[in-house]
Amino acid sequence: MRVLLADDHQILRDGVRKGLESAGATVVGEADNGEEAVALAKETTPDIVLMDLSMPVLDGVAATERITAEVPGTKVVVLTMHDDPDRTRAALVAGAIGYLTKGTSFEDVYDTLERAHAGEEVLSPKLAATMLRTADEEDSAKDLLSDRQRDILQMIADGLSTKQAARELGITQKTVHNHLNATYRRLDTQSLTHAVLSAVRLGIINLGDGDDGDTL
């Protein structure tokens, strides 16, 4: 398991690195801000990024969204001091598949990384219960997707092709497809048509009357 550490506290990174290496994992790099985390993830393509949320230059939520969109083979697990449901939900919407709070034992951190590496979504029972208690059903539906994911899906529903959506947003067509793949996972769908229909039913997007776009 190849891991990238993203945290602006050197002492914490040192401790986690030693633990990971002792357990047989490989630490492929360390970043002390979100922008550096994105750059290193692109360069090293780790299996997992262990991500703090409060970092300079680019925060962990924004860095997570970029990594999951731009380095699709890499999974993100959050390790942070924040345990409030809004921060948790923002990180999960951005694409994180695991969320731990600092103070968690290293054994639990490593177990979570292994489970995330295997494709599981891992959230501590305490945080999961808190989110369920506080989540409003309508807001939760809207929060399933990030703003960029909603924008892209709305453009597709309006008749734009992925190429046109990429041009409108000033991003590459590959990045659009990466966002759509993340959207499929969030909506538990397997196709673009089903994703659009699910999002319409949930009130996330509107079924507009746009002109038909090019094929994908």
Open item on the list: What's the total number of residues in region 111-158 that are assigned to a helix (DSSP H, G or I), modelled with pLDDT of 65 or more and not β-branched (Val, Ile, Thr)?
Closed with: 15
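Can you tell me which residues in region 186-201 are part of a helix (DSSP H, G or I) and surrounded by fewer than 13 Cβ atoms within 10 Å (Cβ to Cβ)?
At the first step, the residues of region 186-201 found to be part of a helix (DSSP H, G or I) are 186-187, 192-201.
Once the filter is applied, which keeps residues that are part of a helix (DSSP H, G or I) and surrounded by fewer than 13 Cβ atoms within 10 Å (Cβ to Cβ), region 186-201 yields THR193, ARG201.
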Task: Filtered residue count, region 3-34, keeping only those that are within 25 Å of HIS82 (Cα to Cα) and crowded, with 17+ Cβ neighbours inside 10 Å - done: 16
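Filter region 15-70 for residues that are assigned to a helix (DSSP H, G or I) and among the acidic types (Asp, Glu); which is nearest to THR101 (Cα to Cα)? Walk me through it before giving the result.
Step one: of region 15-70, the residues assigned to a helix (DSSP H, G or I) are 15-22, 34-44, 60-70.
Next, only the ones that are among the acidic types (Asp, Glu) stay: 21, 35-36, 43, 65, 70.
Working: GLU21: 21, GLU35: 22, GLU36: 22, GLU43: 27, GLU65: 19, GLU70: 26 Å.
Checked region 15-70; the qualifying residue nearest to THR101 (Cα to Cα) is GLU65.
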Open item on the list: I'd like to know if region 100-109 contains one or more residues that are closer than 27 Å to ARG148 by Cβ and surrounded by fewer than 19 Cβ atoms within 10 Å (Cβ to Cβ).
Closed with: yes
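Could you go through region 17-33 and let me know if any residue there is within 17 Å of the chain's Cα centre (by Cα) and either outside the structural domain of GLN173 (by TED's automatic domain parsing) or not charged (D, E, K, R) (or both).
So far as region 17-33 goes, yes, one or more of its residues are within 17 Å of the chain's Cα centre (by Cα) and either outside the structural domain of GLN173 (by TED's automatic domain parsing) or not charged (D, E, K, R) (or both).
The values are calculated or read from the model by the stated rules, or taken from the named source; none is laboratory data. Because the structure is predicted, anything quoted here is derived from the model rather than measured. Virtual Cβ from ideal backbone geometry, glycine too; neighbours counted across all protein chains shown.
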